[in-house]
Amino acid sequence: MDEEYDVIVLGTGLKECILSGLLSVDRLKVLHMDRNDYYGGESSSLNLIQLWKRLKGEDKPPAQLGSSREYNVDMIPKFMMANGTLVRVLIHTNVTKYLSFKAVDGSYVYNKGKIHKVPATDMEALKSPLMGLFEKRRVRKFFIYVQGYDESNPKTHEGMDLTRVTTKELIAKYGLDDNTVDFIGHALALHRDDSYLNLPALDTVKRMKLYAESMARFQGGSPYIYPLYGLGELPQAFARLSAVYGGTYMLNKPECKVEFNDEGKVVGVTSEGETARCKKVVCDPSYLPDKVRKIGKVARAMAIMSHPIPNTNDSHSVQIILPQKQLGRRSDMYVFCCSYSHNVAPRGKFIAFVTTEAETDNPKAELKPGIDLLGAVDEIFFDTYDRYEPANESSRDNCFISMSYDATTHFESTVTDVLNMYTLITGKVADLSVDLSAASAAEE
């Protein structure tokens, strides 16, 4: 350990592992440490015995739930957009060779007490029971505009500058009603609240196009994909990438105390009496609690079931978004379901999560609208965790701290945080158009 590194990364959560991979590819000398003896940190995948221990304090789950080792239950479950930024990072780094993905069966939205498939194109809008006949025609025109919109071709803009026109103004032009705006903003564009309505419309249009492009990529029932055996495979895949490019890993290192000089700049990390020197530290909030502030709390329920979620066309994997307005809340609620078809549970078993930003001290009551959609459950657990964001100035202390995972069940905000951190650490924007597979093949 008695060496100097460009960067020491603390914690093997997904964000930290992606960064350690990207920084190693940049030929920075990286040391990656974790106080745990497993990969994944807060975003780890657990077998049934580990899950029971974590959520019930026991290590003897009921025998009828099946073999413990056939469970791979993600603690922060999220689907990825088939054409989204995380997939571009995976392709750019050639990490895809360590992973297998499968399309997610369904993408649904909650509206007036029922769940409906999210229409993503003008043709799907015409068939959707979400809207009446006249509204369908208006939505179809709006979708055609969005699908045809090309930033570099003014002919497709219909006289509107979407860097100035707000989303509310754009939607008003098509006369869409509030219910329609709800599913477009939250289930298609994946905004987490309604603040987007007063922001430039370009971001929402780009998000809608990403949804439609991701749908088209696999021709499946949703725009999402998910790795076989769960997300626990992802941190390990990026750890392997880092190792290929010379990164060093040390698990099970207790304490991991970050050391600073008189000017308050990081100089190294001490564990078990040894100090590794470094210029920069990257970590999750738990490693530098004095440099973060609490920004909220996530409430969640986790259920083990013996059937798919009702009214989802027997989907073995599905996301349901419950927009805030439909529930009279300030933030959306998310339902995630996966099963043995993605190798995360024994045959016949389904894992479901209901998550939201906690707005009261009674998570069970808050989560009820999502839980009610699940039908009968074999077991259910309730859990909360605090969310933190960095409160330091990284330019002053050279500490780069990731944000805690939010309540969403998709990866778009997670990857934005990673790429913003990469730019802060390196001073450059990650070029995801470069294919590193030839280089990594030569390394190996």
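Some notes on this structure:
- The simple Förster model, with R0 at 30 Å and r as the Cβ-Cβ distance, assigns D372 and T275 a FRET efficiency of 0.05.
- Separation between Cα centres of the range 15-37 and the range 59-118, rounded to whole Å: 24 Å
- Heavy-atom surface of the chain, accessible at 1.4 Å and reported per residue (Å²): 43 Å²
- Calculated FRET efficiency for the pair D314/A63, C-beta based, R₀ 25 Å, to 0.05: 0.40
- Distance-filtered residues of the range 166-183 - backbone nitrogen under 18 Å, label point 7 angstrom along H157 Cα→Cβ: 166-171, 173
- Taking the C-alpha atoms only, the angle from helix 412-426 to the longest principal axis of the chain is near 40 degrees.
- The sum of -39500 (n - 2.57) across all DSSP H runs of n ≥ 4, divided by the residue count of the chain, sets its helix-only mean residue ellipticity at 222 nm to -8500 deg cm²/dmol.
- Relative packing of peptides 14-26, 162-174 - highest average C-beta neighbours within 10 Å first: 14-26, 162-174
- Pairwise centroid distance, computed over Cα atoms, of the range 127-177 with the range 206-229, Å: 21 Å
- S195-D386 pseudo-label distance in nm [points 7 Å out on the Cα-to-Cβ vector]: 2.2 nm
- Karplus-based coupling profile of the range 106-115, in residue order and whole Hz: x, 10, 10, 10, 8, 8, 6, x, 10, 10, with θ = phi - 60° in 6.51 cos²θ - 1.76 cosθ + 1.60 and x standing for Gly or Pro.
- Note on the chain: percent of Cα-Cα distances in each 10 Å bin, starting at 0 and stopping at the bin with the largest distance, equals 4, 20, 29, 26, 15, 4, 0, 0.
- ³J(HN,Hα) computed for each position of the range 128-144 - Karplus, 6.51 cos²θ - 1.76 cosθ + 1.60, integer Hz, glycine/proline x: 6, x, 5, 10, x, 4, 5, 5, 4, 5, 5, 5, 4, 4, 5, 4, 4
- For the chain, relative contact order (Cα pairs under 8 Å, six or more residues apart, normalised by length) works out to 24 percent.
- For the range 1-130, averaging the sequence separation of C-alpha pairs within contact (under 8 Å, six or more residues apart) and dividing by the residue count gives a relative contact order of 16 percent.
- Gain on full extension, evaluated as 0.36 nm per residue between D203 and D361 minus their Cα-Cα distance, stands at 53.5 nm.
- Relative contact order of the range 257-376, pairs being alpha-carbon contacts under 8 Å that are 6 or more residues apart, as %: 22 percent
- Comparing T12, A376, V354 along the charge dipole axis of the chain, the residue lying farthest to the positive side is A376, per the Cβ-charge model.
- Per atom type, the range 107-154 shows carbon and sulfur on 56% of its accessible surface, probed at 1.4 Å.
- Available extension along the chain between L55 and E259 is 70.1 nm, counting 0.36 nm per residue and deducting the alpha carbon span.
- Computed from the Cβ-Cβ distance with R0 of 51 Å, the FRET efficiency linking L99 to F134 stands at 0.65.
- C-alpha center-to-center spacing [the range 414-429, the range 250-304] in angstrom: 18 Å
The values are calculated or read from the model by the stated rules, or taken from the named source; none is laboratory data. Computed from a predicted structure; not experimentally measured. Here Cβ is always computed from backbone atoms with ideal geometry, including for glycine, and neighbour counts include all displayed protein chains. Ligands, DNA and RNA are excluded from the accessible area calculation, which covers all protein heavy atoms including side chains. Shrake-Rupley method; radii C 1.70, N 1.55, O 1.52, S 1.80 Å.
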